[in-house]
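Here's the structure, in structure tokens; my notes come after.
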Amino acid sequence: MSTNRASSTSNISPRSVLLQLLAVVGLSCALGFTFNASSPVGVKFGEPAAPPSPAKVTAAATPIPATTVRTNPVIAPSPLPTPVEVTATAPPPPQPTRRAFPPPAPFPRPRVVTNHATVATPPPAQLNPAPIHWPETKALVAEGRAVLVDVRPRPSFDAGHIPGATSLPEASPPDEFKSFLSRQPTNITVITYCSSTSCSQSARVANRLVGEFHWPSVRYMTGGYLEYQQAEIIKPPQPAQ
């Protein structure tokens, strides 16, 4: 039996195998053309090939993590202003330029200081010695507030002097001055006089009484004995009746 199989196999020639293959290929091509012609997606010969449609890729949905979304408020646009009709007018004529002066500065108000405390004003200091005239001398002597001192030499005093005066010449020694002052009250005013305005003996003795003997109140008659004579002895003529 095995011998029969071997002999049958050896009887198949290569030509027959080739013919069978060609038959299979031709049958396959015929079936392929028939399917291509009948199928809408088949290749159409003589027509331009349509571009291949993009492949649809379906991706798996990836879950998105939840995040906080900040929303900006929507600001409504402001309405546009209504157009105003402007009527063109001729410009006014130029006015003359006036120079502007700054307003005058206000005067400062004087500051009034009210002093409620009453302060006693001391009287002005009196000169010592000070000049004096006969009318005032006469009043002080009459009131007993002053004494008269004739500083002329003794012969002049004996020739004539003011009543009530004491002779104390300028050339007298200091002991005579001290003796005279010791007999006077300390609140009395000593008034010296000499011959007239041309004589300076009364002023010199008055300064000596203050500076050397420190008498508190000393005066000297500037007109001297002549002033007394003109006021008390030489009378003006009386008008005729």
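What follows is calculated from the coordinates using simple rules that are stated; it is not laboratory data. Quantities reported herein were computed from a predicted structural model and do not represent experimental measurements. So basically every Cβ, Gly included, is an ideal-geometry build from the backbone, and we count neighbours across all protein chains shown.
Only one residue of LEU168, TRP134, PRO153 has its Cα farthest out toward the positive end of the dipole of segment 130-232, where Lys and Arg carry +1 and Asp and Glu -1 on Cβ, and that residue is LEU168. Spacing of the modelled spin labels on THR186 and ASN128, each 7 Å from Cα toward Cβ, amounts to 1.1 nm.
Taking amide H atoms as placed 1.01 Å from N in the peptide plane, the amide H of SER217 lies under 5 Å from those of VAL190, each 5 or more residues away in sequence or on another chain.
Here the simple spin-label model places points 7 Å from the Cα toward Cβ, and for PHE213 and SER196 these points are separated by 2.8 nm. Here the Karplus curve 6.51 cos²θ - 1.76 cosθ + 1.60, taken at θ = phi - 60°, turns the phi angles of segment 28-34 into couplings of 5, 5, 4, 4, x, 5, 4 Hz, with x standing for Gly and Pro. By the count of other C-beta atoms within 10 Å, a proxy for reagent exposure, LYS138, LYS178 are ordered fewest to most as LYS178, LYS138. Here the residues HIS161, HIS214, ranked from fewest to most Cβ neighbours within 10 Å of their Cβ, fall in the order HIS214, HIS161. As a proxy for reagent exposure, ranking VAL210, VAL25, VAL151 by other Cβ atoms within 10 Å from fewest up yields VAL25, VAL210, VAL151.
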